[in-house]
1. When you check residue 52 against the structure, is it polar (S, T, N, Q) and part of a loop (DSSP other than H, G, I, E, B), yes or no?
2. Restrict the check to segment 50-63 and report whether at least one residue is farther than 20 Å from residue 5 by Cα and of a type in the set (A, V, I, L, M).
3. Kindly indicate the residue of segment 1-49 that is surrounded by 11 or more Cβ atoms within 10 Å (Cβ to Cβ) and of a type in the set (Gly, Ala, Ser) and also nearest to the chain's Cα centre (by Cα) among those meeting that condition.
4. Do we have any residue at all in segment 25-35 that's without any contact (Cβ under 8 Å) to a residue 24 or more places away in the chain, of a type in the set (S, T, N, Q), at negative phi and assigned to a helix (DSSP H, G or I)?
Amino acid sequence: MIAFVLAMLLVFLLLPSFNILTNKSVTVFLLDPGIWLQFGGLALLTGFLAGSYPAFYLSSFNTISVLHGF
């Protein structure tokens, strides 16, 4: 989520320079709540999927045997 916020901040700060450099008029609707909800949901879904595999893998170990070193 921190990377997402930093990326949006960079887009907000660098987009005017990019438009001048490319001689285009690219706009991003950063103030639209729908965009924030979609990107936030995507970030949460990605975090959930990335964290589920290690959680399922680690939960397959027998706790007692791991703590005893067998």
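1. On the way: polar (S, T, N, Q): yes; part of a loop (DSSP other than H, G, I, E, B): no.
When the stated conditions are applied, residue 52 does not pass them.
2. yes
3. 43
4. Restricting attention to segment 25-35, the residues satisfying the condition of being without any contact (Cβ under 8 Å) to a residue 24 or more places away in the chain are 25-35.
Imposing the further condition that a residue be of a type in the set (S, T, N, Q) reduces the set to 25, 27.
Within this subset, residues satisfying the condition of being at negative phi are 25, 27.
Still in the list and also assigned to a helix (DSSP H, G or I): none.
No - not one qualifying residue is present in segment 25-35.
Each reported figure results from applying straightforward, stated rules to the coordinates on display, with no laboratory input. Computed from a prediction, not measured in an experiment: that's the story for all the values here. Cβ atoms come from the backbone with ideal geometry, glycine included; neighbour counts cover every protein chain shown.
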